[in-house]
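Structure record follows, encoded as structure tokens.
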Amino acid sequence: MVVTDECLEMIAASFRNFQVLRLVSCDGFSTAGLAAIAAGCRHLRELDLQENEIEDCSIHWLSLFPESFTSLVTLNFSCLEGDVNIAVLERLVTRCRNLKTLKLNNAIPLDKLASLLRKAPQLVELGTGKFSADYHPDLFAKLAAAFGGCKSLRRLSGAWDAVPDYLPAFFCVCEGLTSLNLSYATGALFHGMVMDLIEDHGLAVVASSCNKLQELRVFPSDPFGAGFLTERGLVDVSASCPMLESVLYFCGRMTNEALITIAKNRPNFTCFRLCILEPHTPDYITREPLDAGFSAIVESCRGLRRLSISGLLTDLVFKSIGAHADRLEMLSIAFAGNSDLGLHYILSGCKSLKKLEIRDCPFGDKPLLANAAKLETMRSLWMSSCLLTLGACRQLARKMPRLSVEIMNESYPLDSLPDETPVEKLYVYRTIAGPRSDTPACVQIV
Amino acid sequence: MELELGLAPPNYSHGHHQHNLAVDDELSSSSSSSGKRGFREAFGDTTATTLPLFDDGSNDNKRKKPVVGWPPVSSARRACGANYVKVKKEGDAIGRKVDLALHSSYDELVATLARMFPTNDHQVILHGL
């Protein structure tokens, strides 16, 4: 979403008691807009900037929180690329005694992290930012002591670039952690297996210390890099963390056996999102599709509400999902399936399905039209780079007046195009208000 | 037709033709998952597949053309692979960032810019970053 500095200035000027600003995946604004918020919102409790593109105007926006300002509970500026005045940040953190969530950006060095933690030992959630430095025993000791003082820390996120060296520094908080969100650096290819093992091992060590872990997210910081985690890390975590319910895991390879083991270990998963980096990757040992593994997940995890699948998959996996995933509400599919049957299994099964997003799968018009009524029981369907035609979408729109059928094709307007025209992106959702009037030029309602 | 024997590392051929199919020809995605070779792989668009004995892996990065929007990691997390260009519209104080790595043609870039700067007739100036 586009947000401008003018919007932020207007918010700051208009709403005396403005408390919570949360911007996710927005762009179009700068640190000047943040400065307006800091200066104007005297009762701000949450400033939560998640994954935005923020222009750096070299404005020291943090300095604009007045000295009398103490109401902050959440401060997340992890997506900010520029530098921040650390002395100002320290004073802000010191005087905001109710601060529970602090997520730093990459500009905060590790030693400053330690001093921030000492000033805010009451933190419940911490984003460490870069967390990378050459190993130094003094810094290690500072960090360990600082983490040691944070008795309430439950959620930890950040980069992992130097984790092997500094891991033990936050062992003391591991015991209480319920949520871990780490992005890991991928190593050079020539390190090969050893690097993989260290990465998996590092994760396993963390996991075995965090036995109250409920949620784990592990991202690659370089998704196009050659090194990556393997199935071993996830198997270990599933074995060590009995309360683990939610996983987001990016890795380079997987096996059916590992997935079957994971499913046996953790029938309590409610959210299982596995992203094998390379599309169409089979079981790396047997070279088979990963149908059996994901089938085991849906058969074992009866409470599964969210699932993302990846790797080489045939229509069979969709048969299992359709039949067994009774509580599944959200499903994400990419580069999977062989035929229309795959989509048909999903739309004719999955009793609780609300949101379905599909890209680059060989699913065509037939299952969509045959299961049109199902779409009215769902919140939305997204399909991109599949085998849909404009004609089928027109038919769907005619047949189902309570659905809004939106198409995004590079060439528009669509009215003049023939039925055979392939649909690049489709978004369908139910509505009782009729077609919306604020579509941007790239979106057309059929 | 020459017969070529080779032992390939895991995912050798997958990695190569998947990206071409996904990016260049969405309608053939079915052929890739059934294991049949797509048109491009059978008839020409393959880089020379020498025996892997001579392949030290240094070609891997060149061969991998990123698939748009995959893996599903937000651009904020992408440390490299992104190729950002700052775009400013005359009269607008705030520029927008465009990731050239996500565009495989000039037309796609123009379409993105048109979405970012909805307009009639303003000048759009590109600065390399």
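The values are calculated or read from the model by the stated rules, or taken from the named source; none is laboratory data. Just so it is clear, the structure is predicted and the values come from calculations on it, not from any experiment. Cβ sites come from the backbone with ideal geometry, for glycine too, and all protein chains shown count toward neighbours.
Pick from A:GLY233, A:GLY192, A:GLY227: which is within 17 Å of A:LEU277 (Cα to Cα), part of a helix (DSSP H, G or I) and at pLDDT below 75?
Among A:GLY233, A:GLY192, A:GLY227, only A:GLY192 is within 17 Å of A:LEU277 (Cα to Cα), part of a helix (DSSP H, G or I) and at pLDDT below 75.
So A:LEU375 fits all but one of (1) more than 22 Å from the chain's Cα centre (by Cα); (2) surrounded by fewer than 15 Cβ atoms within 10 Å (Cβ to Cβ); what number is the exception?
(2)
Anything in the range A:23-46 that is of a type outside the set (Gly, Ala, Ser), over 19 Å from the mean Cα position of the chain (by Cα) and over 16 Å from B:MET116 (Cβ atoms)? List them, or say none.
Those that are of a type outside the set (Gly, Ala, Ser), over 19 Å from the mean Cα position of the chain (by Cα) and over 16 Å from B:MET116 (Cβ atoms): A:THR31, A:LEU34, A:ILE37, A:CYS41, A:ARG42, A:HIS43, A:LEU44, A:ARG45, A:GLU46.
Search the range A:400-427 for residues that are away from chain B (no Cβ under 14 Å) and pair each with any residue that is of a type in the set (D, E, K, R) and part of a loop (DSSP other than H, G, I, E, B) when their beta-carbon atoms are under 9 Å apart and the residues are at least 6 apart or on different chains.
Taking only residues 6 or more apart or on different chains, the pairs are A:MET400/A:GLU376; A:ARG402/A:GLU376; A:LEU403/A:GLU376; A:SER404/A:ARG436; A:GLU406/A:ARG436; A:ILE407/A:GLU424.
Output the qualifying pairs, or none if there are none: Cβ atoms under 6 angstrom, residues six or more apart or on different chains, first residue in the range A:347-363 and facing another protein chain (nearest Cβ under 9 Å), second residue among the aromatic types (Phe, Trp, Tyr).
Partner pairs satisfying both residue conditions: A:ASP360/A:PHE335.
Please give the helices (runs of 4 or more DSSP H) falling wholly within the range A:1-110 in which 2 or more residues are within 14 Å of chain B (Cβ to nearest Cβ).
In the range A:1-110, A:5-14, A:31-40 are the helices (runs of 4 or more DSSP H) which contain 2 or more residues that are within 14 Å of chain B (Cβ to nearest Cβ).
Checking A:SER78 against (1) modelled with pLDDT under 95; (2) crowded, with 19+ Cβ neighbours inside 10 Å; (3) of a type outside the set (Lys, Arg); (4) touching a helix residue (DSSP H, G or I) at 6+ places or on another chain (Cβ under 7 Å), which single condition isn't satisfied?
Checking A:SER78 against (1) modelled with pLDDT under 95; (2) crowded, with 19+ Cβ neighbours inside 10 Å; (3) of a type outside the set (Lys, Arg); (4) touching a helix residue (DSSP H, G or I) at 6+ places or on another chain (Cβ under 7 Å), the one that fails is (4).
To keep it simple, each residue is scored yes or no on (1) under 26 Å from the mean Cα position of the chain (by Cα); (2) of a type outside the set (Lys, Arg); (3) closer than 20 Å to A:CYS57 by Cα.
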residue: A:LEU72; (1), (2), (3): yes, yes, no
residue: A:ASN76; (1), (2), (3): yes, yes, yes
residue: A:ARG95; (1), (2), (3): no, no, no
residue: A:ILE108; (1), (2), (3): yes, yes, yes
residue: A:SER115; (1), (2), (3): no, yes, no
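Looking only at the range A:52-62, filter to residues that are surrounded by 16 or more Cβ atoms within 10 Å (Cβ to Cβ) and touching a Leu at 6+ places or on another chain (Cβ under 9 Å); which one of those is nearest to A:SER25 (Cα to Cα)?
The selected residue is A:ASN52.
Kindly list the number of the only condition in (1) of a type in the set (D, E, K, R); (2) under 29 Å from A:SER68 (Cβ atoms); (3) more than 19 Å from the chain's Cα centre (by Cα) that fails for A:LYS103.
(3)
Between A:VAL405, A:VAL428, which is aliphatic (A, V, I, L, M) and either over 26 Å from A:ALA323 (Cβ atoms) or in a loop (DSSP other than H, G, I, E, B) (or both)?
It is A:VAL405.
In the range A:316-339, which residues are surrounded by 21 or more Cβ atoms within 10 Å (Cβ to Cβ) and either touching a Lys or Arg at 6+ places or on another chain (Cβ under 7 Å) or within 14 Å of another protein chain (Cβ to nearest Cβ) (or both)?
Once the filter is applied, which keeps residues that are surrounded by 21 or more Cβ atoms within 10 Å (Cβ to Cβ) and either touching a Lys or Arg at 6+ places or on another chain (Cβ under 7 Å) or within 14 Å of another protein chain (Cβ to nearest Cβ) (or both), the range A:316-339 yields A:VAL317, A:PHE318, A:LEU328, A:LEU331, A:ILE333, A:ALA334, A:PHE335, A:ALA336, A:GLY337.
When A:TRP160 is evaluated against the numbered criteria (1) modelled with pLDDT of 90 or more; (2) crowded, with 19+ Cβ neighbours inside 10 Å, which criterion, by number, is the only one it fails?
(1)
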